[in-house]
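Visitor: I'd like to ask some things about the structure below.
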Amino acid sequence: MAYPSLSPLIEEGVLDEVLEGLGFLHANDRCRRNCTHCPAFGDTNPVEMTPFATLTRLARDVGEAFQDRRITPRRSIASWRISDPLDYHVRDGKTTRTTFDVARIWREHLGQGLYLVTNGSEGKRFAQTALRQVAAAPEVVSQVKLTVTPCDAGWGSERYLHSIAEDVATLAPLWDLGSTRMEDPTGLRFRINLKSTADRREEALQFMARALELAGLRPDESEKALADPRRVSAKDIYDLGSYVGDSPVVNALSIKGRDGKRFKSTAETRTHHQYGIYPDGSVRVIDMYEFKVYEATGESGAPLRVDLRSAA
């Protein structure tokens, strides 16, 4: 059978629907970084990672299904959601695979560069190596966004400052390239998202200026970067909730309506509901505006899954 890992979706009669709505093929899920602005804050569950051979097979099958059924992806397909793509590292025989390897199979099988949003390498050698490889082969990514924020667990430490500076130095050459991410066709291949509440904006800007200096940018280059939102974009922090309740970030902007539910429409870059394939093989529906995940079911009423045994 063609694309055997997707056979359960064919049997349920929903393969085309899932492909047309696919937004996530998770290399990793969950996060232990404990950044206070993140919905994963407070989650003590282990990070889940899809074995690289399984992920490769899934990406190949999805890519072949797109081609055979003449379906063109309508969005960037991410390898992460409430997780950091740079945390992906798995043994594959005698080799350690990282997000760079994930990006390679995205380009090869899905026909698009991988969209990366990361809080940085944290000075981890495998993550730093992955960023250097991405910078040397930028065609494997559509866009890289580095989040810098006072909400990071490392904020205020010299280690955090120097780690961010090194990541910026590695990725700065991507400012010379345009974004290939379909949701941001006029952007650059690299962007720093400087996320803070309004009362900490100046503190964040001062940190960013120092990091750019340590990254080796000349004063005029730093000034240019800070003045260009395509390079450094100052962003607000919203209360997206956390694993244990409301966001612990003081002065985070509320997105709750009168009904007490969170809702943040981002229709210009995200469709409301998307499908995600998870490391355990489950297929779920992700509400991108309410930040909720639901079990997806087929025509039989059974939960949707892919066949990880066929993908191994």
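The values are calculated or read from the model by the stated rules, or taken from the named source; none is laboratory data. In this text, all values refer to a predicted model and were calculated from it rather than measured experimentally. Note: ideal-geometry Cβ built from the backbone for every residue, glycine included; neighbour counts use all protein chains shown. Ligands, DNA and RNA are excluded from the accessible area calculation, which covers all protein heavy atoms including side chains. Shrake-Rupley method; radii C 1.70, N 1.55, O 1.52, S 1.80 Å.
Visitor: Quickly run through region 113-136 and pick out the residues that are open to solvent by 20 Å² or more (accessible area, probe 1.4 Å) and either modelled with pLDDT under 95 or assigned to a loop (DSSP other than H, G, I, E, B) (or both).
Guide: N119, E122, G123, K124 - these are the residues of region 113-136 that are open to solvent by 20 Å² or more (accessible area, probe 1.4 Å) and either modelled with pLDDT under 95 or assigned to a loop (DSSP other than H, G, I, E, B) (or both).
Visitor: Continuing with the same structure: What about L177, is it within 24 Å of L116 (Cβ to Cβ), open to solvent by 20 Å² or more (accessible area, probe 1.4 Å) and over 25 Å from the mean Cα position of the chain (by Cα)?
Guide: Judged against the criteria, L177 is not a match.
Visitor: Additional query: Tell me which residues, restricted to region 142-154, are surrounded by 19 or more Cβ atoms within 10 Å (Cβ to Cβ), more than 13 Å from F190 (Cα to Cα) and among the aliphatic types (A, V, I, L, M).
Guide: V148 - this is the single residue of region 142-154 that is surrounded by 19 or more Cβ atoms within 10 Å (Cβ to Cβ), more than 13 Å from F190 (Cα to Cα) and among the aliphatic types (A, V, I, L, M).
Visitor: Can you pull out every residue in region 78-93 that is open to solvent by 20 Å² or more (accessible area, probe 1.4 Å) and farther than 18 Å from Q133 by Cβ?
Guide: Within region 78-93, R81, I82, G93 qualify.
Visitor: Now for a separate question. Being surrounded by fewer than 21 Cβ atoms within 10 Å (Cβ to Cβ), of a type in the set (D, E) and either closer than 14 Å to V102 by Cα or touching a helix residue (DSSP H, G or I) at 6+ places or on another chain (Cβ under 7 Å) (or both) is true for just one of E158, E139. Which residue is that?
Guide: E139
Visitor: While we're here: Run I71 past the list (1) open to solvent by 10 Å² or more (accessible area, probe 1.4 Å); (2) over 20 Å from R305 (Cα atoms); (3) among the aliphatic types (A, V, I, L, M); (4) within 15 Å of the chain's Cα centre (by Cα) and report the number of the one that doesn't hold.
Guide: With respect to (1) open to solvent by 10 Å² or more (accessible area, probe 1.4 Å); (2) over 20 Å from R305 (Cα atoms); (3) among the aliphatic types (A, V, I, L, M); (4) within 15 Å of the chain's Cα centre (by Cα), I71 is out only on (4).
Visitor: I'd like the full set of residues that are among the acidic types (D, E), touching a residue at least 12 places away in the same chain (Cβ under 8 Å) and either on the phi > 0 side of the Ramachandran plot or out of contact with any strand residue (DSSP E or B) (no Cβ under 7 Å at 6 or more places or on another chain) (or both), limited to region 214-245.
Guide: none
Visitor: Still on this structure, please answer the following. So if I check each of S233, S222, S265, which one is open to solvent by less than 80 Å² (accessible area, probe 1.4 Å) and either within 16 Å of D176 (Cα to Cα) or in contact with a Pro (Cβ under 8 Å, 6 or more places away or on another chain) (or both)?
Guide: S222
Visitor: Restricting attention to region 137-159, report how many residues are among the hydrophobic types (A, V, I, L, M, F, W, C), under 22 Å from V249 (Cα atoms) and outside any loop (DSSP other than H, G, I, E, B).
Guide: 2
Visitor: Can you tell me which residue in region 1-44 is farthest from the chain's Cα centre (by Cα), limited to those that are hydroxyl-bearing (S, T, Y) and surrounded by fewer than 22 Cβ atoms within 10 Å (Cβ to Cβ)?
Guide: S7
Visitor: Restricting attention to region 242-260, report how many residues are assigned to a loop (DSSP other than H, G, I, E, B) and under 17 Å from T149 (Cβ atoms).
Guide: 6
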